[in-house]
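Taking it in order: structure first as structure tokens, then the write-up.
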Amino acid sequence: MRFLLKTGTLHTSKNIKSSKDTAIRHVTELVLEFGILFGDSPRLDGFKCIPEDRPEVAEFELDRRTYSFRLHYELTPSLHALPTLTPPGEEAPLLVVPNLTQAVLTACRQAQVSAADLNGRLFLRAPGLLVELPALNGRRFRFDLEPRNVFVGKSARIVRALLADPERMWKQSDLVHRTGATSGLVSRIVTYLVRQGMVARSGSGKRLQVFQLTSRDALLDAWAQADQFARRVTTHRFHCLDQDPVQLASKLSQALTQQGAPFAFTQWIAAWIRHPYTEPPLASLYVPQLPAPDVLNSLGLRAVAEGGRVWFHLPVDEGVFRETRLVENLPLVSDAQIYLDLQNTGLRGPEQARALRESSVFCRP
């Protein structure tokens, strides 16, 4: 397959229509879809692949100057190999992948390696040239063997465990026991995180291999970006006369402990207890189901549609009750979960989240 991309025109030896939501399984599909994408993109009129006898070389024209790149197609790029893509004297490398994640993009910036994906995201770096374009709307290409979402259900339990003890060397069996996930799921998620440069694997043989988180911030940022709080919880709000959220949390803890069901505080109240920054406006906590009516009445709680001093979050996955810790006699979700739950909340939640993340206690066992 040979193609020429110039001024929005694509010429191929076969007419192939690009899908807007496609799983990529082979390098040949990656090559073809890459040609179609940049042939259809008017914002890249200066980008072309030439000549026909060297289809692995791409050129970019800007202000009458031509920049040459050698194309490297990878379904699952190795971040550690990025600096060695191009021997001295050859064209600058341009890594082409199905989906350019933030972790891979960050590694490319650090290694000064250009990169592009099938979703339209582009990073070009060469002497005198810096081009960066975001993904196009409506395109969701991915490598078929990668997990669809590592941040939902039992997959998220694996991420939560890694962030709860970031310096630990994990065996696969440890993560299985810690998370309640299957061995197969743990293997797929860890392999994906290794490919993304967030986890390092060492040792030989399945039983001897160990894993360790190597990029806490990249994993946390990826989780925050993918998280959809409203889809993973159902929130019930209650009003009460108590004005001090800390005292209210203590009363809630005493009452719920007697019921025997798991619960854990999160958001403002949990962040305040871990690292005081902004005073908590309310008490919020995860519960598997609402407390019994007599318990609610004993606490003076009345259901409301908006506002409220107490928010009960009923989670879709009860993995939020894992990695909890007892602080000041109150069970708290993991630090990473607190940070996640404070995003897009208002009431200075993101400020408290940032302060917690920057503190010395964050994600420390």
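The values are calculated or read from the model by the stated rules, or taken from the named source; none is laboratory data. In this text the structure is predicted, and so the values were computed from the model without any measurement. When we count neighbours, we look across all protein chains shown, and the Cβ atoms used for this are built from the backbone with ideal geometry, even at glycine.
Among the residues of the stretch 62-87, count how many are among the acidic types (Asp, Glu) and in contact with a strand residue (DSSP E or B) (Cβ under 9 Å, 6 or more places away or on another chain).
Counting residues in the stretch 62-87 that are among the acidic types (Asp, Glu) and in contact with a strand residue (DSSP E or B) (Cβ under 9 Å, 6 or more places away or on another chain) gives 1.
What about Ala156, is it outside any helix (DSSP H, G or I) and within 18 Å of the chain's Cα centre (by Cα)?
no
Out of the stretch 314-360, which residues are over 16 Å from Val233 (Cβ atoms), aliphatic (A, V, I, L, M) and surrounded by fewer than 15 Cβ atoms within 10 Å (Cβ to Cβ)?
Within the stretch 314-360, Leu326, Val327, Leu347 qualify.
Return the total of residues in the stretch 269-303 being aliphatic (A, V, I, L, M), buried (at least 17 other Cβ atoms within 10 Å of the Cβ) and within 24 Å of Arg232 (Cβ to Cβ).
10
Taking the stretch 280-299 on its own, how many of its residues are of a type in the set (Gly, Ala, Ser) and at pLDDT 95 or above? Can you show your working first?
Residues of the stretch 280-299 that are of a type in the set (Gly, Ala, Ser), as a first pass: 283-284, 292, 298.
Next cut, at pLDDT 95 or above only: 283-284.
Counting residues in the stretch 280-299 that are of a type in the set (Gly, Ala, Ser) and at pLDDT 95 or above gives 2.
Filter the stretch 193-218 for residues that are of a type in the set (Ser, Thr, Tyr) and at pLDDT 90 or above; which is farthest from Thr106 (Cα to Cα)?
Top of the filtered list is Thr214.
To keep it simple, each residue is scored yes or no on (1) in a loop (DSSP other than H, G, I, E, B); (2) at pLDDT 60 or above; (3) within 30 Å of Met198 (Cα to Cα); (4) of a type outside the set (Asp, Glu).
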site	(1), (2), (3), (4)
Lys14	yes, no, no, yes
Glu29	no, yes, yes, no
Gly39	no, yes, no, yes
Glu61	no, yes, no, no
Phe69	no, yes, yes, yes
Thr76	yes, yes, yes, yes
Leu100	yes, yes, yes, yes
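Specify which of the listed residues (Val246, Val186, Val190) is in a helix (DSSP H, G or I) and surrounded by fewer than 19 Cβ atoms within 10 Å (Cβ to Cβ).
Val246
Any idea which of Asp165, Asp174, Asp217, Asp227 is within 26 Å of Thr22 (Cβ to Cβ), surrounded by fewer than 20 Cβ atoms within 10 Å (Cβ to Cβ) and of a type outside the set (S, T, N, Q)?
Asp227
Is there any pair with a first residue in the stretch 245-268 that is under 20 Å from Asp335 (Cα atoms) and not assigned by TED's automatic domain parsing to the domain that holds Thr345 and a second that is acidic (Asp, Glu) and in a helix (DSSP H, G or I) whose Cβ atoms are under 7 Å apart and which are 6 or more apart or on different chains, and what are they?
Going by the 7 Å Cβ cut-off, there are no qualifying pairs.
In the stretch 213-234, is there at least one residue being farther than 30 Å from Tyr192 by Cβ and not assigned by TED's automatic domain parsing to the domain that holds Asp165? Spell out how you get there, then give the answer.
The first filter runs over the stretch 213-234 and keeps only residues farther than 30 Å from Tyr192 by Cβ, leaving none.
No, every residue in the stretch 213-234 fails to be farther than 30 Å from Tyr192 by Cβ and not assigned by TED's automatic domain parsing to the domain that holds Asp165.
Only residues in the stretch 285-310 that are charged (D, E, K, R) count as the first member; pair them with residues that are exposed (fewer than 11 other Cβ atoms within 10 Å of the Cβ), Cβ under 9 angstrom, at least 6 apart or cross-chain, and list the lot.
Arg309/Leu241; Arg309/Gln243
Can you confirm whether the stretch 256-268 contains a residue that is part of a helix (DSSP H, G or I), surrounded by 14 or more Cβ atoms within 10 Å (Cβ to Cβ), within 26 Å of the chain's Cα centre (by Cα) and not charged (D, E, K, R)?
yes
Just checking, does the stretch 94-102 include any residue being exposed (fewer than 15 other Cβ atoms within 10 Å of the Cβ) and either more than 21 Å from Arg201 (Cα to Cα) or assigned by TED's automatic domain parsing to the domain that holds Asp217 (or both)?
Scanning the stretch 94-102 turns up no residue that is exposed (fewer than 15 other Cβ atoms within 10 Å of the Cβ) and either more than 21 Å from Arg201 (Cα to Cα) or assigned by TED's automatic domain parsing to the domain that holds Asp217 (or both).
State which residue pairs qualify: first residue within 28 Å of Tyr67 (Cα to Cα) and free of Cβ contacts under 8 Å to residues at least 60 places away in the same chain and inside the stretch 129-144, second residue outside any strand (DSSP E or B) and not charged (D, E, K, R) in any location, beta carbons under 6 Å apart, and separation of 6 or more residues or different chains.
So the pair list comes out as Ala135/Asn119; Ala135/Gly120.
Return the residue satisfying two criteria in turn: it lies in the stretch 83-98 and is out of contact with any Ser or Thr (no Cβ under 8 Å at 6 or more places or on another chain) and under 18 Å from Leu129 (Cβ atoms), and of such residues it is modelled with the highest pLDDT.
So, considering only residues that are out of contact with any Ser or Thr (no Cβ under 8 Å at 6 or more places or on another chain) and under 18 Å from Leu129 (Cβ atoms), the one modelled with the highest pLDDT is Val96.
Looking only at the stretch 115-140, how many residues end up being in contact with a Pro (Cβ under 9 Å, 6 or more places away or on another chain) and modelled with pLDDT of 90 or more?
Filtering the stretch 115-140 for residues in contact with a Pro (Cβ under 9 Å, 6 or more places away or on another chain) gives 115, 117-122.
Applying the additional criterion that residues be modelled with pLDDT of 90 or more yields 115, 117-119, 121-122.
Total satisfying the criteria: 6.
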